[in-house]
Amino acid sequence: MVITKDIKMADVIHMNHFSLSILERFGIELGFGDKSVDETCKIYNVDTDFFLEIINAFIHTEYFPKKQLQNFPVKLITDYLQKTHNYYMQIKVPEIESLIEEMVLSCSTQKENINLLKRFFSEYKEELKNHIQREEKVVFPYTQLIENAFYSDKIDKQTLRQMDEYSIDIFEKEHDNIEEKLYDLKNIIIKYLPQPNNKTLCNKLLHELFGLEKDINDHSRIEDKVLVPKILEMEKGIRKKAGLKV
Ligand SMILES: [Fe+2]
Ligand SMILES: [Fe+2]
């Protein structure tokens, strides 16, 4: 069922509890009683239409409102992406690290294997950190520059020079699949890790990894299928306005 603005916010969580993480990113706290999605968004100063597109894209993988999402301002999109980055680095990654740490401590027979797992994940964390830094320091500021230029009457030389040095197709090519390694990590646990004494911890860890992988997948889809095409179009518009060949 596609979520609309009149549905109760509580039902959104009942429908898919993973959506809790999306609410958190928008700063929406639990305790909304019987308020609708629209009423709750208004209280938290959240753009209801944007929230609806994001939550629907997250819950229904087959529902992906590429065009609708592209209509929102760059700032709204990159702010959301940035909040998602914070959620990964400040909440999800530490949660997974502490689960692995608990496994190391509670396991007497599998220490070596679990330490290997720990190393693998810390390498992943480094990779994720670099990936995020590149987007926040280079890509997102560039997208804002392009949007500003696109809506301004005159295109200055500085913008054109920047577009020569870096354009969104560079990001499109270099944007690596950061969730692939998570898939490998899950596979190591599922296929090869002999069951540690504490199976509950191991299952919890797998559950967390599945959740993070789904979330990053959804996140990358917004970067690749919404942000990139939107900026590509704007770059074309800027070149046209400046009288350059498109
Ligand atoms: Fe990202
Ligand atoms: Fe990314």
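Values in this text are rule-based calculations from the coordinates and carry no lab data. Note that the coordinates shown come from a computational prediction; the quantities given were computed from them, not determined experimentally. Reconstructed Cβ throughout: ideal geometry from the backbone, glycine too, with neighbour counts over all protein chains shown.
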ask   = So what J values fall out for the range 62-73 if you push phi through Karplus, 6.51 cos²θ - 1.76 cosθ + 1.60 with θ = phi - 60°, rounded to Hz, Gly and Pro as x?
value = 7, 8, 9, x, 3, 5, 4, 5, 5, 6, 7, x
request  = Can you tell me which of 99-105, 161-167 comes out highest on packing, and rank the rest after it, using the mean Cβ neighbours within 10 Å?
outcome  = 99-105, 161-167
message = How far apart, in nanometres, would the label points at Thr200 and Lys42 be if each is projected 7 angstrom from Cα along the Cα-to-Cβ direction?
response = 4.5
remark   = Projected onto the charge dipole of the range 73-241 (unit charges on the beta-carbon of Lys, Arg, Asp and Glu, signs +1, +1, -1, -1), the Cα from Tyr183, Leu76, Ile216 with the largest positive-side position is that of Leu76
ask   = Can you pull the semi-axes for the chain, root of five times each eigenvalue of the Cα gyration tensor, sorted largest first, whole Å?
value = 37, 25, 13
ask   = What 222 nm value per residue comes from the helices of the chain, counting each DSSP H run with n ≥ 4 as -39,500 (n - 2.57) and dividing by all residues, nearest 500 deg cm²/dmol?
value = -20500 deg cm²/dmol
query = Ser36's amide H: which non-local residues (gap 5+, or another chain) put their own amide H closer than 5 Å, with H modeled 1.01 Å from N in plane and none for Pro or chain starts?
reply = Met9
task = Run the quick spin-label model on Lys129 and Asp79: label points 7 Å from Cα toward the beta carbon, then report their separation in nm to one decimal.
result = 2.8
inquiry  = Show me the helices of the chain, taken as full DSSP H stretches, that run 15 Å or more along their long axis by Cα and average 0.0 or above in Kyte-Doolittle hydropathy.
reply    = 48-59, 93-106, 140-151
task = Order the peptides 152-158, 177-183 from the highest to the lowest mean number of other Cβ atoms within 10 Å of their residues.
result = 177-183, 152-158
ask   = How high is the relative contact order of the range 9-63, in percent, counting Cα pairs under 8 Å that sit 6 or more residues apart?
value = 34
request  = Report, in whole Å, the centroid distance computed from the Cα atoms of the range 20-83 and the range 213-246.
outcome  = 20
note = Dividing the mean separation of Cα pairs under 8 Å (6+ apart) by the residue count of the chain yields a relative contact order in percent of 22
inquiry  = Please rank Asp34, Asp218, fewest neighbouring Cβ atoms within 10 Å first, as an exposure proxy.
reply    = Asp34, Asp218
